[in-house]
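K.L.:
Before I ask anything, here is the structure I am working with.
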Amino acid sequence: MRVDEQIGGGAGRPEIAGSASALVAASDLSPACAPELIAEVEAARSYRLRARSANTLRAYASDWRQFQDWCWGRGLEPLPALPEVVATYLASLSRAGRADSTVTRHLAAITWQHRHDGLPPPTARDTHQLIADTLSGIRREQRARPTRKKAAIGAKDLAAMIGKADGLGTRAVRDRAILALGLAAALRRSELVALQLADVQLVEQGLTVYVRHSKTDQEGEGATIAVPVGKVLRPVAHLNAWLAIRGGEPGPLFTRIGTKGEYTAEAMSDRSVARLVKRYARLQGLDPAMMAGHSLRAGFLTEAARTRASPAKMQEVSRHKSLKVLLGYVRSAERFDEHAGAGFL
């Protein structure tokens, strides 16, 4: 079974029933106990699938398909894959300009697929450390390259971008709400598209947003974020305008808009958020190549640091596990404050 076939559960599929039956046959249980064991085996498989988030499994599915296509296009066997094949594939990804984090995720997807199919992963059979050395070399090379981090979008620029989403059309109203809430709640793009209607509650001071799980919360403990009404970006007003169109049906908070501009109940993809940000950045005269979905989250942190918000209060919204990353935004915003050369330069 492939990674993409795992998403959405697994009870009742033939391969699950087969593995359960094999376990029953190998045991000394009486036939009367067999149904209970089968149910327990299915529960164990279900729990294993939940060890990875749905977003991670989707990414693994896409990465695995790309690896298969690469192998088949070169007459190589993807399963089981030789360590030499995997090392060469990782090198090809780096040559294509993929970030080392993306290359590492592709390796994780290949490892996941082998283990799921009951095969030792290539890394376990790599006696000469070909994969590890290749990955280390990729990381070392990429560290030596000049990097262009995605820029943060400040509140002034975002307000202007929101203004570019002009009119009362369904798409414009939705886009204004996404841009405003994305920055106001310091949300990752994956978190934005994962929000359900029930995750947003209007309160007297503004609204609360419940993030069920995130990149740094794989166990799904969840976090509630407070979003003030606001005077510049007005996230609550923009969200209310969208809700008036969306209606009160349960489901994704932000949905895809049809080709004719009509409302649909289909959830957006996280990539569509990145495209949305780039589109309005371009309209505002900003460099879209320097913008991404993360620019909204980075914008909140940069603005919060610039206005002297405390790191503790910033962390309440951003949910950073490590203050080291968070303080990077603070240092960036304060770089010219009380500069050592201000008195003589």
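The values are calculated or read from the model by the stated rules, or taken from the named source; none is laboratory data. The structure presented is a predicted model; accordingly, all values stated were derived computationally and were not measured. Positions of Cβ are generated from backbone atoms using ideal geometry, with glycine treated the same way; all protein chains shown enter the neighbour counts.
K.L.:
Between residues in segment 241-268 that are closer than 11 Å to LEU197 by Cα and touching a residue at least 24 places away in the same chain (Cβ under 8 Å) and residues that are among the aromatic types (Phe, Trp, Tyr) and not in a strand (DSSP E or B), which pairs lie under 8 Å by C-beta distance while being six or more apart or on different chains?
P.N.:
From residues that are closer than 11 Å to LEU197 by Cα and touching a residue at least 24 places away in the same chain (Cβ under 8 Å), the pairs are PHE254/TRP242.
K.L.:
Does ALA160 satisfy the criteria of being surrounded by 14 or more Cβ atoms within 10 Å (Cβ to Cβ), touching a helix residue (DSSP H, G or I) at 6+ places or on another chain (Cβ under 6 Å) and either of a type outside the set (D, E, K, R) or not assigned by TED's automatic domain parsing to the domain that holds ALA186 (or both)?
P.N.:
Against the criterion (surrounded by 14 or more Cβ atoms within 10 Å (Cβ to Cβ), touching a helix residue (DSSP H, G or I) at 6+ places or on another chain (Cβ under 6 Å) and either of a type outside the set (D, E, K, R) or not assigned by TED's automatic domain parsing to the domain that holds ALA186 (or both)), ALA160 does not qualify.
K.L.:
Here are ARG50, ARG65, ARG58: which of them is more than 24 Å from GLN129 (Cα to Cα) and either among the hydroxyl-bearing types (Ser, Thr, Tyr) or modelled with pLDDT of 90 or more (or both)?
P.N.:
ARG65
K.L.:
Could I ask something else about it? For GLN201, which of the numbered conditions (1) surrounded by 18 or more Cβ atoms within 10 Å (Cβ to Cβ); (2) part of a strand (DSSP E or B) fails to hold?
P.N.:
Status for GLN201: all satisfied but (1).
K.L.:
Same structure again: Residues of segment 277-298 being of a type in the set (Lys, Arg) and more than 19 Å from VAL193 (Cβ to Cβ), which ones?
P.N.:
The one that is of a type in the set (Lys, Arg) and more than 19 Å from VAL193 (Cβ to Cβ): ARG282.
K.L.:
Another one. Within segment 80-137, which residues are without any contact (Cβ under 8 Å) to a residue 12 or more places away in the chain and either small (Gly, Ala, Ser) or in contact with a Cys (Cβ under 7 Å, 6 or more places away or on another chain) (or both)?
P.N.:
ALA96, GLY97, SER101, GLY118, ALA124, ALA132, SER136, GLY137
K.L.:
Which of the following residues is buried (at least 20 other Cβ atoms within 10 Å of the Cβ) and without any contact (Cβ under 8 Å) to a residue 40 or more places away in the chain: ALA309, ALA342, ALA292, ALA304?
P.N.:
That would be ALA304, the only listed residue that is buried (at least 20 other Cβ atoms within 10 Å of the Cβ) and without any contact (Cβ under 8 Å) to a residue 40 or more places away in the chain.
K.L.:
Tell me, please, whether a residue that is in contact (Cβ under 8 Å) with a residue 12 or more places away in the chain and in a helix (DSSP H, G or I) can be found in segment 145-154.
P.N.:
no
K.L.:
Among the numbered criteria (1) surrounded by 12 or more Cβ atoms within 10 Å (Cβ to Cβ); (2) farther than 17 Å from SER190 by Cβ; (3) at pLDDT below 90, which single criterion is violated by ARG246?
P.N.:
(3)
K.L.:
Any idea which residue in segment 84-133 is surrounded by the most Cβ atoms within 10 Å (Cβ to Cβ), counting only those that are polar (S, T, N, Q) and within 16 Å of SER62 (Cα to Cα)?
P.N.:
Selected residue: GLN113.
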